[in-house]
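Report on the following structure.
The values are calculated or read from the model by the stated rules, or taken from the named source; none is laboratory data. Predicted model only: the values in this text are computed from it and were never measured. In this analysis, Cβ positions are derived from the backbone assuming ideal geometry, glycine residues included, and neighbour counts consider all displayed protein chains. Note: accessible area is taken over every heavy atom of the protein model, side chains too, but ligands, DNA and RNA are not part of it. Shrake-Rupley method; radii C 1.70, N 1.55, O 1.52, S 1.80 Å.
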Amino acid sequence: MFSIVIPTRERHRTLAYSMRSVLQQDYPDYELIVQDNCSSEETANVVRSYRSPKIKYNRAAYTLPMNENWEQALALCEGRYLFFLGDDDAMMPDGMKLAASILERAPMDVLMWDKYTYWWEDALEPSVAGRMFLHTTHNFQMLDPHGLLKSYYDWDLGFGSLPSIYTGFTSRELVDRVTAKTGKYFYVGAPDNYTGIANAYLGRNIGKFERGLSIGGNSGASTGCAYFFRSKGAQRRQDYHSEER
């Protein structure tokens, strides 16, 4: 049913928790792909420590741009629905079970949700370090994908509102539809932003569940935070640009 992909590079400390959140799910029909972007041996050691037949581990031979690393992981996925989980993020304990209960009744191209947020102890912004932010709404609605795109390009919505493979379960059918247009799914640029645009453009049935099925983690190594906190994230941005070449 589900392919959960964790792309990772030199974040073995947080990766251990992200993997655990997947492997402890109360739902059996999934696989976990860890796509290692040429990290040091510590990352492989974390993966080996779990000894789970659910895990597929793939290590790039050299450091790849982010979208190419994600594309390698995509080739390993066998699930009907795919979700890319950050290596400092986590699935909620009932995340897959709830998603399956929705998708089995109402199959759709993308099932999005509003993530909860956790700021790791080494977060770039000290005032929120070690805190989790929750919301209590549980509404579900079907979305207008082209309306979402218009609001995004009108600057009324941020990219987190788009139906990317990083913000919800994306059907393999939609992934194949996008790939047929461009030759690969993660075509250009930051893959989370790009797939949000591509999924909204070619998606037909897109639903959003306000209840969080995963937690977005913001660690000190978070690339997104490095862009948001401009004065504090210079080194991480520099490293990212170097890796992206």
Ranking F169, Y17, A234 by how far each Cα lies towards the positive end of the charge dipole of the chain (+1 on Lys and Arg Cβ, -1 on Asp and Glu Cβ), the top one is F169
Packing-based ranking, highest mean first, of 179-191, 28-40, 210-222 given that Cβ atoms within 10 Å are counted | 210-222, 28-40, 179-191
Choice from S161, S151, S127 with maximal GNM fluctuation in the chain (Cα, 10 Å cutoff) = S127
How high is the FRET efficiency from K232 to M132, r the C-beta distance, R0 22 Å, rounded to 0.05?
-> 0.60
To the nearest 20 debye, what is the magnitude of the charge dipole of region 159-245 about its Cα centre, counting +1 on the Cβ of each Lys and Arg and -1 on the Cβ of each Asp and Glu?
-> 120
Hey, could you get me the Stokes-Einstein D for the chain, Kirkwood radius over alpha-carbon pairs, 37 °C and 0.692 mPa s, rounded to whole µm² s⁻¹?
-> 180
For region 199-209, Karplus-derived ³J(HN,Hα) couplings (6.51, -1.76, 1.60; θ = phi - 60°; whole Hz; x for glycine and proline) come out as 5, 5, 6, 10, x, 10, 10, 10, x, 10, 10
Would you mind working out the accessible area per residue for the chain, using a 1.4 Å probe, and quoting it in Å²?
-> 48
Can you pull the three principal axis extents for the Cα set of region 1-113, in Å, largest first?
-> 43, 26, 23
Rank M91, L124, G183 by how far each Cα sits towards the positive end of the charge dipole of the chain (+1 on Lys, Arg Cβ; -1 on Asp, Glu Cβ) and give me just the farthest.
-> G183
Tail fraction, Cα-Cα pairs, region 138-189, threshold 13 Å, whole percent | 69
On the full set of protein chains, 1.4 Å probe, figure out the accessible area of H135 and give it in Å² to the nearest 10.
-> 50
Estimated 222 nm signal from helices in the chain, with DSSP H stretches of n ≥ 4 weighted -39500 (n - 2.57), rounded to 500 | -11000 deg cm²/dmol
Using a simple charge model, +1 on the beta-carbon of Lys and Arg, -1 on the beta-carbon of Asp and Glu, nothing else, what dipole does region 58-199 show about its Cα centre, in debye to the nearest 20?
-> 400
Write down Rg/Rh for region 32-83, rounded to two decimals, with Rg from the C-alpha atoms and Rh from the Kirkwood relation over Cα pairs.
-> 0.97
Percentage of interatomic Cα-Cα distances in region 63-189 larger than 19 Å = 59
Theoretical FRET efficiency, 1/(1+(r/R0)^6), r = Cβ-Cβ of V188 and R245, R0 22 Å, to 0.05 = 0.95
So, with +1 on the Cβ of K and R and -1 on the Cβ of D and E, and no other charges, what is the size of the charge dipole of the chain about its Cα centre, to the nearest 20 debye?
-> 120
Roughly how many Å is it from the Cα centre of region 147-199 to that of region 31-84, as a whole number?
-> 21
Order of 168-175, 101-108 by packing, highest average Cβ count within 10 Å first?
-> 168-175, 101-108
Along its principal axes, what span do the Cα atoms of region 116-164 show, with the longest given first and each in whole Å?
-> 39, 25, 16
Radius ratio Rg over Rh of region 199-244, counting only Cα atoms, Kirkwood formula for Rh | 1.17
Among the Cα-Cα pairs of region 147-245, the proportion with separation greater than 17 Å, in percent, is 59
What's the carbon and sulfur percent of region 1-115's accessible surface, probe 1.4 angstrom, rounded to a whole number?
-> 50
Going through K56/K150; K150/K184; K150/K208; K56/K184 one by one, the pairs whose alpha carbons sit over 28 Å apart turn out to be K56/K150
